[in-house]
Structure formats: C-alpha cells, structure tokens
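**Student:** Have a look at the structure that comes next, please.
Laboratory data are not the source of any read-out in this text; all were calculated from the coordinates shown. Because the structure is predicted, anything quoted here is derived from the model rather than measured. Every residue, glycine among them, receives a Cβ derived from its backbone with ideal geometry; neighbour counts consider all protein chains shown.
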Amino acid sequence: MGIQDIIEGKRQWREHRARVKALPPDYRIVYEEMQRYFFKVGPIDLPDGPLLPGIVDFFEEGAASGQGVLELIGDDVAAFCDDLVKDARTHADAYQESLRGEPGPAGQ
C-alpha cells in the first residue's frame, strides 16, 4: 500500500463521514451505533468493503422517502446488523481458526 492509496482512503472516509453527518438525527444515531457494532464484531473487509457505504445509501433513500429509521430496519437493530454480516468472515472467525490451527483464505 503506497502513500497515494492511504491518501485516497482518507479522502473516501472523509466523504463517507460527511454523508453520515448529513443524515437526519435519528438515522445518524442508529448509523453510529451500527458502525460501532460492526467495528467490534463485523467482517474483516469492513474498512474497504461495501457494507458501510451501502447502509448510508439505504438510509439516504429512506430519509428521502420520509420514513423513520426504525420503519426501515425494524426495532431490533442488532438483529438487523447480524443479518447483514451473517455470511461474512469476521475477526472472531479468524481468531477461532488460528486457535484450531486452520489456515484462512490463501493460507493466511
């Protein structure tokens, strides 16, 4: 990873955060909680993957249509999050595999 990749990643993250800040307050609060949860238990590819930007897209569409955030995702935010990452490889999976001596993808 070169310096240009790092700069580009930071630029993309700042743009992403600006989109989050532009969400209505109820959407922003739920997004922040979801992000915090995903950083704890989420997929390995979270920083570079499509999950977080996809949630912002979904929330922007819901806000534009006048729906409340809980109308979109339901009352159980944790269950919604778990459904989003149910098939994704997580850091916990990688740790458990390392304890069992199993190689990860590409022998990691």
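**Student:** Which entry in (i) 7.1; (ii) 8.1; (iii) 13.1 matches mean projected area of the Cα convex hull in nm² derived from the coordinates of this structure?
**Tutor:** (ii)
**Student:** So which helices of the chain fit the span-like rule, where a helix is a whole DSSP H run, its Cα atoms reach 18 Å or more along the axis, and its mean Kyte-Doolittle is at least 0.5?
**Tutor:** Span-like helices in the chain: 51-64.
**Student:** If R0 is 22 Å, what FRET efficiency do you get for Asp5 and Ala88 from their C-beta distance, rounded to 0.05?
**Tutor:** 0.45
**Student:** For a label point 7 Å from the Cα of Gln12 along Cα→C-beta, name the residues of the stretch 38-56 whose backbone N is under 13 Å from it.
**Tutor:** Correct set: 45-54.
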